[in-house]
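Novice: Here it is: the structure, laid out below.
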Amino acid sequence: MQPTHHQPASRNVAVIGAGGGGLVAARELRREGHKVVVFERGDQVGGTWVYTPNVESDPIGLDPNRTKVHSSMYQSLRTNLPREAMGFRDYPFVAIEEDEERDPRRYPSHREVLMYLKDFAIEFGVSEIVRFETEVVFVGLVEGGKWKVKSKSKRGEVVEDEIFDAVVVCNGHHTEPRVAQTPGINTWKGKQIHSHNYRTPEPFRDQVVILIGSATSAIDISRDIAGVAKEVHIASRSVADETIEKQPGYNNMWLHSMIKSVQEDGSVVFRNGSVVLADVILHCTGYKFHFPFLETNGIVTVDDNRVGPLYKHVFPPDLAPSLSFVGLPWKVAPLPMFEFQSKWIAGILSNRITLPSQEEMMEDVKAFYSLLKASGTPKRYTHNIADNQFGYDDWLAAECGCPAFEEWRKQMYFVAIENLFERPETYRDEWEDHHLVLQAHEDFRKYTL
Ligand code: FAD
């Protein structure tokens, strides 16, 4: 909603995290005239794209006292979206052919995405406002609707208290493992690991591996491992109970229905009736939202992976606009969506854009939750907006007074997802949407010339 008159306001804003979300939030906030500090506990920008061979001390990620590693990248990872559809809208993710350090492929390696995000941070002067190796350990409300932010520097272990007008939470959501409940798992003797701690296939050499999951990282990792493992058995929730299929092109990989139970002797029983004696269960079962630093006196909670109540996945009505979240929706093209969310937040904080009243926002949230309930959608899918991601993006664009997403971008996203499921082995190197690539590059001329 665009107000006709407004008194522009400049706020002191803390941004938590310097991944893709925090970087674009910082840029948009500064463009709108706010004063911004970005807190980043790592030593560089890029968030989850900063690959590390290190893994956590508890490979399944259940021990709250484990040593933590932020990134979930595995060594062989190439993007699962084409670069044209993946990058920020006004800073296209184009191939830099002349630099041999760069990966010009359409679906490049994780390092190329990191380099793109680093370029973005430099181009828009965001690197200079990031406090590296500084972890936010507490965010809480103080008088006057302001926020206290306590942070701890890695070197000096100093805990600093600062007061901000607003906080934008961009801490990433691929670090806290989610694990499926499996009957018998407490007495199962084999090894368990979550994909968060998967880096290379070598540790699985000659092993019998059960991999739970069917999302893109499960597809990649199963293929990675099949090259060295004795057997790979994929347990998928999205196939019928009687399913057992040898995977085309592999003599050691099978697709099964879900696991029914596991036994003390190491065997795994599938719903399709087959029994496999396994060495390892690899959980590719996703992640939990986690805000260990945030204290809102119960106003914002995480309940079965629903972060709520949040108006349009961004603002808690009772704390808007001083508290906001970038990056919660999933099954989306994340970076361009972060850009719209950030523009919206920045414009609201400066009074250029107005939010509905607290009551109206709460009514909207309630109506949304009722809709989910009526359609039988579990709470944990609240932020899965796959079916409406472009409706959501276009709504944000309209609120911000920007043009909606380009048609090529929407079509390219859907074509890419279809291609991925049709050609799971080769989709990164074979495609047919050349006409959309041309349209994208035509559009990019606005930003690159
Ligand atoms: P992150 O990149 O995770 O950044 C969060 C930052 O916050 C980190 O730097 C972290 O150190 C910091 N932080 C956290 N807590 C604190 C704290 N308390 N104090 C200070 N700093 C803190 N997206 C695509 O578009 N294409 C792909 O192909 C693709 N593939 C992916 C593959 C994998 C395996 C994963 C895990 C994700 C993939 N994604 C992909 C999604 C990716 O997560 C997003 O593209 C995006 O980079 C997420 O950015 P973010 O800023 O939300 O989070």
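The values are calculated or read from the model by the stated rules, or taken from the named source; none is laboratory data. Everything numeric in this text was worked out from a predicted model, so none of it was measured. Note: ideal-geometry Cβ built from the backbone for every residue, glycine included; neighbour counts use all protein chains shown. For accessibility, only protein heavy atoms count, side chains too; no ligands or nucleic acids. Shrake-Rupley method; radii C 1.70, N 1.55, O 1.52, S 1.80 Å.
Novice: Which count do you get for residues in segment 2-26 that are of a type in the set (Ser, Thr, Tyr) and modelled with pLDDT of 95 or more?
Specialist: 1
Novice: A further question on this structure: I'm checking my understanding of the structure. Among residues of segment 373-395 that are of a type in the set (Phe, Trp, Tyr) and within 16 Å of residue 334 (Cβ to Cβ), which one is surrounded by the most Cβ atoms within 10 Å (Cβ to Cβ)?
Specialist: Across segment 373-395, the extreme among qualifying residues is 390.
Novice: Residue check, residue 167 against (1) modelled with pLDDT under 95; (2) farther than 30 Å from residue 425 by Cβ; (3) of a type in the set (A, V, I, L, M), all met but one. Which one?
Specialist: If we test residue 167 against (1) modelled with pLDDT under 95; (2) farther than 30 Å from residue 425 by Cβ; (3) of a type in the set (A, V, I, L, M), just (1) comes out false.
Novice: Turning to a different aspect of this structure: Do we find that residue 37 is hydrophobic (A, V, I, L, M, F, W, C), within 8 Å of the ligand (Cβ to nearest atom) and open to solvent by 20 Å² or more (accessible area, probe 1.4 Å) in this structure?
Specialist: No, not satisfied.
Novice: Got a number for residues in segment 139-154 being open to solvent by less than 70 Å² (accessible area, probe 1.4 Å) and at pLDDT below 90?
Specialist: 0
The rows are residues; the columns are (1) over 23 Å from the mean Cα position of the chain (by Cα); (2) part of a loop (DSSP other than H, G, I, E, B); (3) crowded, with 21+ Cβ neighbours inside 10 Å; (4) among the β-branched types (Val, Ile, Thr).
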position: 8; (1), (2), (3), (4): yes, yes, no, no
position: 55; (1), (2), (3), (4): no, yes, no, yes
position: 63; (1), (2), (3), (4): no, yes, no, no
position: 68; (1), (2), (3), (4): no, yes, no, no
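Novice: In segment 16-34, which residues are within 17 Å of the chain's Cα centre (by Cα) and either surrounded by fewer than 24 Cβ atoms within 10 Å (Cβ to Cβ) or not in a helix (DSSP H, G or I) (or both)?
Specialist: 16, 17, 18, 19
Novice: Looking at segment 81-89, is at least one residue within 10 Å of the ligand (Cβ to nearest atom), of a type in the set (Lys, Arg), modelled with pLDDT of 95 or more and surrounded by fewer than 19 Cβ atoms within 10 Å (Cβ to Cβ)?
Specialist: no
Novice: Working carefully through the options 265, 241, find the one that is touching a strand residue (DSSP E or B) at 6+ places or on another chain (Cβ under 8 Å) and open to solvent by 30 Å² or more (accessible area, probe 1.4 Å).
Specialist: Exactly one residue qualifies, and that residue is 265.
Novice: While we're on this one: Quick one: residue 157 ticks every box in (1) within 15 Å of the ligand (Cβ to nearest atom); (2) on the phi < 0 side of the Ramachandran plot; (3) open to solvent by 20 Å² or more (accessible area, probe 1.4 Å) except a single one, so which number is it?
Specialist: (2)
Novice: Answer with yes or no whether residue 116 is more than 9 Å from the ligand (Cβ to nearest atom), open to solvent by less than 40 Å² (accessible area, probe 1.4 Å) and among the aromatic types (Phe, Trp, Tyr).
Specialist: Here the answer is yes, as residue 116 does meet what is asked.
Novice: Away from the ligand (no atom under 16 Å from the Cβ) and polar (S, T, N, Q): does that describe residue 7?
Specialist: yes
Novice: With respect to residue 47, is the statement that it is crowded, with 22+ Cβ neighbours inside 10 Å and either modelled with pLDDT under 95 or within 13 Å of the ligand (Cβ to nearest atom) (or both) true?
Specialist: So residue 47 passes the test.
Novice: From 410, 343, 331, which residue is without any contact (Cβ under 8 Å) to a residue 24 or more places away in the chain and within 20 Å of the chain's Cα centre (by Cα)?
Specialist: It is 410.
Novice: Would you pick out the residues in segment 177-195 that are within 15 Å of the ligand (Cβ to nearest atom) and surrounded by fewer than 21 Cβ atoms within 10 Å (Cβ to Cβ)?
Specialist: Result: 178, single match.
Novice: Working only within segment 399-429, note down all residues that are outside any loop (DSSP other than H, G, I, E, B), open to solvent by less than 60 Å² (accessible area, probe 1.4 Å) and not hydrophobic (A, V, I, L, M, F, W, C).
Specialist: 399, 409, 410, 413, 419, listed by residue number.
Novice: List the number of the failed condition for residue 228; all other conditions in (1) more than 16 Å from the ligand (Cβ to nearest atom); (2) crowded, with 21+ Cβ neighbours inside 10 Å; (3) of a type in the set (A, V, I, L, M, F, W, C) hold.
Specialist: Status for residue 228: all satisfied but (2).
Novice: Which condition from (1) within 16 Å of the ligand (Cβ to nearest atom); (2) surrounded by fewer than 19 Cβ atoms within 10 Å (Cβ to Cβ); (3) of a type in the set (S, T, N, Q) is the one that residue 342 breaks?
Specialist: (2)
Novice: Right, another one. Looking at segment 281-307, which of its residues are closer than 18 Å to residue 366 by Cβ and surrounded by 19 or more Cβ atoms within 10 Å (Cβ to Cβ)?
Specialist: 300, 306, 307
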